[in-house]
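Enquirer: I'd like to ask you about the structure that follows.
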Amino acid sequence: MDKVIRKHDFLKLLFADLKEKYHIIGPTRKGGGTSTYAYPTFDDIDRAIDLEMGYTTTMGSLKKLYFPDNEALYQYQRVGTEVELVNLRQAWDKEKVILGLHPCDISALAVLDKVFGLDQYYTDKRNKSLIIGLTCDSACSRGFCSSVNSGPDAQSGFDLLLTDIGDGYFCRSGSERGERLLSLEYFKAAAPEDIQARAKKLQKTEDELKGRFSLDEVTSALAEKYNDSLWDEFADKCYTCGACNMVCPTCTCFTINEKAKGDHSQGKRVVVWDSCHFERFAQMAGNFNLREEKKSRFKHRIYDKFHFSLVRQGKVSCVGCGRCADFCPSHIDIREAMSRL
Amino acid sequence: MATRKEHITFCHICGNHCALTAVVENGKLVEVKAGAGYPANMCSIQKGADHLIGTVNSPDRLTKPLRRVGEKGSGKWEEISWDEALDTIAEKLIDVKEKFGPEYVIMVLGEPKGMEFPFAQRFATAFGTPNTITPGNYCGVQSTEALRYTFGSRYIRARMEGNPGLVTIWGSNIAHTGGTFSQIGRNDLNRLIVGGDTKLVVIDPKNIELWPEKGMHAADADYWLRPRPSSDGILAMGFIKVIIDEKLYDPDYIEKWTVGFEELRQEVATFTLEEVEKLTWVPKKDIQEVARLMATVKPALIGNGNSLEGNIEAFQMARALAVLRGLIGSVNTPYGGLVDQIPPNYYPPGAFMMSDLKEKLKEYPRTPERTIGGSDFSIAAKFGYVPTQALVDALLTEKPYLPKVGLTFVNNPLLTYADSIATEEAFKKFELLVVSELFHTATTRIADIVLPAAVLSEYDGIAYWPAWFGNLRANVKVVDPPGEAWPDHKMVNELAKRVGLGQYFWEDEIMAMDYMLEPLGMTWEYFRDNVRYLHGESLYDPEKVIGYNTRSGKVQLYCEELAKSKVDPLPRFKDLVKPLMGPCEITESYPFIMTNYKSEVFMLSGYRGVKELRIKSPTPTVYMNPDAAKEQGFKDGDWIYIETFKGRIRQKLALQPGMHPKVVNVEFGWGDYGYEDANNNLLTEYSRPWDTATGCLTLRGLACKVYLAPDEGE
Ligand code: SF4
Ligand code: SF4
Ligand code: SF4
């Protein structure tokens, strides 16, 4: 179903209604001076004025919500000669609504679902999420969603999908919950000119994104060029800092660390986001390292996104959000790397 | 056809000094990224890039020398030529030197950026003034001198390559403002965090971001201790007490490699852990647990930032930290997390100011009688600087005399010195105030002559600062400076010629850089084109303790030499509590404790008008604990006043869960380009008491109150 809502009604009425039932997460820069908000970031929203719906991109992605870094799994404790275990994983007490998620990030959730779909805490959180997406007004600086079929429009993965059409949002439902929302009185029927306005907006963004990247060429190049010398050139610029992995909405590698008190009488097991760029990542027992060389680690990340996942799951696991290039200290851009291959 | 060129240069914005690749297209700087092949940590918010791109391309840069035409402070200027500007200044300098003496001319310096600092120091020596004012009194000197008195070197750095088992980050926002005095690189730290074998302790009132891309904060560390601001010395003594009382030290090492253990043992018997808990607000249990880790996990390292250097016992506080490092054997041992290094062999600023100018120093000695502040500051005098507030005091009290000329190079005392109102009043008393700057600032506003400065990357320069990092970097010219802007050291060089000191200076600045590099056997050109970066050489030896370059050859827990400088040879509990007294005591009217943090976006008070930065940090932000704020009736995003006995400021509130409920953490450095009422130095006092060793004064830890302020629609 398609409807429209005036921006004023969105910020006043819909926001208030949502707030009653949900914990609201959205793009914001509310913290002012602190670096956390130097870029818009997904965070708790108490007041509609803190929402920054016109944002282009965020540094961290939404994966922190469903797959939090540093999440404690359980605690152990010595009690006499026994060891006591306490489950520390927590389910959400209130449902959350995610406001303003861009199409690439909506697609990224589907990638996470494939990886964590069997984890009951994860699925519980996903079930307790209402996704209100937002299509992009213009192409972000280094994104290439249209080349990997994750934008600028979204077909699924949302409950509602908004498009800014000037004084209002065009709203498309993507689920039954979305349909129900659209039946609220401040959503009005979409007129033909609204539908046109939406199409125009998306076309504009689509045009801006055109030619950024060709998936077919890339996947075939990767299949052939594993040993190309260009890889050395890219790897030389890589600081193995792991920033690309952290900001990537589809990087899901983690390690499990122990946080123990000094005398080990008590401790916790925590999930820590890992990076395939780190030397220890592919370290095996017996001091055997699968990818000791920086170059092979650099290559691995790209092959993982564009080759292995295609071979195994029939779909690349990069959603083209551009974050890895934006936040790479060397601005190493997958697209550039690919086009040169 | 478009030209595109990539240059490798270095960032000077924070202590990381990352190598940068500057991409220039058709003469315009368009992109800045890491300088492949050279060390870079790169802040996640890319402030190095924003500073450089924003500054060199800013339409607001000063481009011509300006002379005041209206009243002081009226903001009315006429453009003049460099010749006219330099002749006017030279004439005044010669006149003052003849009539009053060279010491009536004051060099006012900020954090060294390029070569302006050694040039200005050299000018001071040649001209004959002992009065070079620097922020050494609250930045760097305490920590590095404490290391020198304790371990015999200020070049001590973290041995991150040794996979430390314990990293303590104390008062340093490492991901954003440089990696502590010990150079804890954030990329290295990140790897350790994921590795899982390293325990991490953060000691900071702020829940600092440790790894912004990951969203990891201090609260995610193994321990996050939130001491009362300015109580860090007591906390260090608390750790020391636990280690001594529980005999967690290595008696052989203590016996063989340290002096003064007995004195230290007696000192820690003068107080209890309960007292430490009460004064520092850190639970006794945490003090004990962290102390045990420090003493038993190897390698362990403690890195601190300069936020500890903001109180009247700053030097002894830094000594307490150094003594703690010595007690756990973390410096120069096979199992230690910190190690000494030999810096590259070049002429450091000290050589510029002295070595070949000995006869000048004899003619115009830097003696207490000739120096502002007199004999008050024993360590400052040795270091060749006069504390900032001593200048303000001299100008206001006219004691020991009233300085006549101030030559200020790219720094902004009206925002950065304690007590902005007194500082403004003081600086207005200069007969001639010359300010070289990139942009107009609070200080240029009251100047008589403003000189347009070029920024690093608009000229070739050697960067060596902080000298104790022991590295040397080639900052290359990537674009032309705007209009007629000059590098500061060129200004000094040309001025020297006009006051008859040409023989002590150089025909041009490149020759001076050749001189600086002479001991390395390189010219500037060679260094720039073939070397670019040199770092110190680690002295680490996995087999043995490499020893200490102190007078005793050992770690000086108790330091005899300090007594000669009238400084207590041992940090004492009774002295370390002094920063919590007087205006820092909580009362009914002032129920909170104010501290302040450096912007994560701007470099200190600088570059406030640069739009790339302003977008990322639009408003001054004060942090409070959510419950404490709620009790006051505040909501996230409210504007509030923060008031100390001295004055009040207005900043926007952000809530930070986990912060100590008694702490109000204000942002430092606002006041230019709007928000004059957010200037943190409206809360601070310049007059005594001061740290007698280094001239530090109370910048943090003042008692304050908070109340709602009007929202002016920002
Ligand atoms: S690989 Fe890069 S562009 Fe692709 S999803 Fe991850 S961060 Fe986005
Ligand atoms: S962000 Fe860039 S430098 Fe860092 S690991 Fe990824 S590719 Fe390498
Ligand atoms: S501001 Fe600091 S971390 Fe950022 S690029 Fe410059 S030196 Fe590196």
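The values are calculated or read from the model by the stated rules, or taken from the named source; none is laboratory data. Keep in mind the model is a prediction, meaning the values are calculated, not measured. Heads up, the Cβs are rebuilt from the backbone with ideal geometry, glycines too, and the neighbour counts pull from every protein chain shown. Just so you know, the surface numbers come from the protein's heavy atoms only, side chains and all, with ligands and any DNA or RNA stripped out. Shrake-Rupley method; radii C 1.70, N 1.55, O 1.52, S 1.80 Å.
Enquirer: Being out of contact with any strand residue (DSSP E or B) (no Cβ under 6 Å at 6 or more places or on another chain) and within 16 Å of ligand 2 (Cβ to nearest atom) is true for just one of B:ASN57, B:ASN26, B:ASN16. Which residue is that?
Expert: B:ASN16
Enquirer: Please state which of the following conditions B:THR441 fails to meet, knowing it meets all the rest: (1) crowded, with 20+ Cβ neighbours inside 10 Å; (2) within 23 Å of B:ASN26 (Cα to Cα).
Expert: Of the numbered conditions (1) crowded, with 20+ Cβ neighbours inside 10 Å; (2) within 23 Å of B:ASN26 (Cα to Cα), the odd one out for B:THR441 is (2).
Enquirer: Looking only at the range B:562-581, count how many residues are without any contact (Cβ under 8 Å) to a residue 12 or more places away in the chain and either part of a helix (DSSP H, G or I) or at positive phi (or both).
Expert: The qualifying residues number 2.
Enquirer: Give just the number: which of (1) outside any loop (DSSP other than H, G, I, E, B); (2) under 20 Å from A:ALA48 (Cβ atoms) does A:ALA110 not satisfy?
Expert: With respect to (1) outside any loop (DSSP other than H, G, I, E, B); (2) under 20 Å from A:ALA48 (Cβ atoms), A:ALA110 is out only on (2).
Enquirer: So, one more: So, in the range A:219-238, exactly how many residues are more than 14 Å from A:HIS307 (Cβ to Cβ), part of a loop (DSSP other than H, G, I, E, B) and of a type in the set (Phe, Trp, Tyr)?
Expert: 0
Enquirer: Further, regarding this structure: Looking only at the range B:609-625, count every residue that is of a type outside the set (Val, Ile, Thr), within 12 Å of chain A (Cβ to nearest Cβ) and either within 23 Å of the chain's Cα centre (by Cα) or open to solvent by less than 40 Å² (accessible area, probe 1.4 Å) (or both) and tell me the total.
Expert: 6
Enquirer: Report every pair of residues separated by at least 6 positions or lying on different chains whose Cβ atoms are under 9 Å apart, first residue within the range B:701-712 and on the phi > 0 side of the Ramachandran plot, second among the hydrophobic types (A, V, I, L, M, F, W, C) and open to solvent by less than 70 Å² (accessible area, probe 1.4 Å).
Expert: Cβ pairs passing all conditions: B:GLY701/B:LEU580; B:GLY701/B:CYS584; B:GLY701/B:ILE593; B:GLY701/B:MET594.
Enquirer: Next question. Read through the list (1) part of a helix (DSSP H, G or I); (2) touching a residue at least 40 places away in the same chain (Cβ under 8 Å), then give the number of the only condition that B:THR443 fails.
Expert: That leaves (2) as the condition not met.
Enquirer: Of the residues in the range B:184-208, how many are within 9 Å of chain A (Cβ to nearest Cβ), open to solvent by 10 Å² or more (accessible area, probe 1.4 Å), of a type outside the set (A, V, I, L, M, F, W, C) and without any contact (Cβ under 8 Å) to a residue 40 or more places away in the chain?
Expert: 4
Enquirer: Filter the range A:239-280 down to residues that are crowded, with 21+ Cβ neighbours inside 10 Å and more than 7 Å from chain B (Cβ to nearest Cβ) and give me whichever is nearest to the chain's Cα centre (by Cα).
Expert: Residue satisfying both the conditions and the ranking: A:PRO249.
Enquirer: Turning to a different aspect of this structure: Using the structure shown, decide if B:VAL108 is without any contact (Cβ under 8 Å) to a residue 24 or more places away in the chain and under 26 Å from B:LYS428 (Cα atoms).
Expert: no
Enquirer: Residue by residue through the range A:212-238, note down the ones that are more than 14 Å from chain B (Cβ to nearest Cβ), exposed (fewer than 15 other Cβ atoms within 10 Å of the Cβ) and either closer than 20 Å to B:TYR38 by Cβ or under 23 Å from the mean Cα position of the chain (by Cα) (or both).
Expert: Scanning the range A:212-238 gives no hits.
Enquirer: With respect to A:ILE49, determine if the residue is closer than 30 Å to A:ILE165 by Cβ, away from chain B (no Cβ under 14 Å) and not in a loop (DSSP other than H, G, I, E, B).
Expert: No; evaluated as a whole, the condition is false for this residue.
Enquirer: Specify which of the listed residues (A:THR250, A:THR255) is within 16 Å of ligand 1 (Cβ to nearest atom) and of a type in the set (Val, Ile, Thr).
Expert: A:THR250
Enquirer: Sticking with this one: Under the condition of being at pLDDT 95 or above and open to solvent by 10 Å² or more (accessible area, probe 1.4 Å), which residue from the range B:635-651 is nearest to the other protein chains (Cβ to nearest Cβ)?
Expert: Only one residue tops the list, namely B:TYR641.
Enquirer: Restricting attention to the range B:29-54, and to residues there that are open to solvent by 20 Å² or more (accessible area, probe 1.4 Å) and away from ligand 2 (no atom under 16 Å from the Cβ), which single residue is nearest to the other protein chains (Cβ to nearest Cβ)?
Expert: Per the stated criteria, the residue is B:ASP50.
Enquirer: Could you list, in sequence order, all residues of the range B:657-667 that are surrounded by 21 or more Cβ atoms within 10 Å (Cβ to Cβ) and either small (Gly, Ala, Ser) or within 13 Å of chain A (Cβ to nearest Cβ) (or both)?
Expert: If the condition is that a residue be surrounded by 21 or more Cβ atoms within 10 Å (Cβ to Cβ) and either small (Gly, Ala, Ser) or within 13 Å of chain A (Cβ to nearest Cβ) (or both), then B:MET659, B:ASN665, B:VAL666, B:GLU667 are the ones that fit.
Enquirer: Could you tell me which residue of the range A:309-339 is nearest to the other protein chains (Cβ to nearest Cβ), considering only residues that are free of Cβ contacts under 8 Å to residues at least 40 places away in the same chain and away from ligand 1 (no atom under 13 Å from the Cβ)?
Expert: Per the stated criteria, the residue is A:ARG312.
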